[in-house]
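For reference, the structure discussed in these notes is given below.
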Amino acid sequence: MKLMIIGHTDNDGDDAKNLLLSKKRAAAVKVNLVSMGIAASRLTTDGKGESAPIADNTSAAGKAQNRRVEFIKL
């Protein structure tokens, strides 16, 4: 199985910095999975920044839900 790992952020801060943060978040998950024995060739990463929230960004609870990583089966 191959997976796409996608990082997300809340809307605090600059858009460009959030995009970079989301990409780093996904890459960190990939590093951890590879360290557990999953082949790096089976994993790809991307970041969406703050562009795809799943909750309201006006509360701390909503922001926490938006700071996430998703796995998509390819």
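The values are calculated or read from the model by the stated rules, or taken from the named source; none is laboratory data. Every value quoted in this text rests on a predicted model; they were computed, and no experiment measured them. Cβ atoms come from the backbone with ideal geometry, glycine included; neighbour counts cover every protein chain shown. Remember, those area values only see protein heavy atoms, side chains included, never the ligands or the DNA or RNA. Shrake-Rupley method; radii C 1.70, N 1.55, O 1.52, S 1.80 Å.
Scanning the range 46-67 for residues that are within 23 Å of residue 3 (Cβ to Cβ), in a loop (DSSP other than H, G, I, E, B) and out of contact with any strand residue (DSSP E or B) (no Cβ under 8 Å at 6 or more places or on another chain) yields 49, 50, 51, 52, 53, 54, 67.
Is it the case that some residue within the range 61-68 is open to solvent by 90 Å² or more (accessible area, probe 1.4 Å) and under 16 Å from the mean Cα position of the chain (by Cα)? Step through it out loud before you land on a result.
Taking the range 61-68 first, the residues open to solvent by 90 Å² or more (accessible area, probe 1.4 Å) are 65, 67.
Okay, now just the ones that are also under 16 Å from the mean Cα position of the chain (by Cα), so 65, 67.
Scanning the range 61-68 turns up at least one residue that is open to solvent by 90 Å² or more (accessible area, probe 1.4 Å) and under 16 Å from the mean Cα position of the chain (by Cα).
For the range 49-60, what are the residues that are out of contact with any Ser or Thr (no Cβ under 6 Å at 6 or more places or on another chain) and surrounded by 14 or more Cβ atoms within 10 Å (Cβ to Cβ)?
Keep residues of the range 49-60 that are out of contact with any Ser or Thr (no Cβ under 6 Å at 6 or more places or on another chain), which gives 51-60.
Passing the criteria: 53, 55, 57.
If you check residue 66 against the conditions, is it of a type outside the set (Ser, Thr, Tyr) and touching a Pro at 6+ places or on another chain (Cβ under 9 Å)? So residue 66 passes the test.
Scanning the range 29-45 for residues that are aliphatic (A, V, I, L, M) and either in contact with a Phe, Trp or Tyr (Cβ under 9 Å, 6 or more places away or on another chain) or loosely packed, with under 14 Cβ neighbours inside 10 Å (or both) yields 29, 31, 36, 39, 40.
Taking each residue of the range 38-53 that is touching a residue at least 24 places away in the same chain (Cβ under 8 Å) and looking for partners that are part of a loop (DSSP other than H, G, I, E, B) and among the β-branched types (Val, Ile, Thr) with beta-carbon atoms closer than 9 Å, six or more apart or interchain, yields 47/9; 48/9; 49/9; 50/9. Residue check: residue 72 meets all listed conditions (1) part of a helix (DSSP H, G or I); (2) in contact (Cβ under 8 Å) with a residue 12 or more places away in the chain but one, namely (1).
Just to be sure, is residue 30 basic (Lys, Arg) and in contact with a strand residue (DSSP E or B) (Cβ under 7 Å, 6 or more places away or on another chain)? In short, yes.
Assigned to a helix (DSSP H, G or I), over 9 Å from the mean Cα position of the chain (by Cα) and within 19 Å of residue 73 (Cα to Cα): does that describe residue 34? Please lay out each step first, then the result.
Working: assigned to a helix (DSSP H, G or I): yes; over 9 Å from the mean Cα position of the chain (by Cα): yes; within 19 Å of residue 73 (Cα to Cα): yes.
For residue 34, the condition - assigned to a helix (DSSP H, G or I), over 9 Å from the mean Cα position of the chain (by Cα) and within 19 Å of residue 73 (Cα to Cα) - is met.
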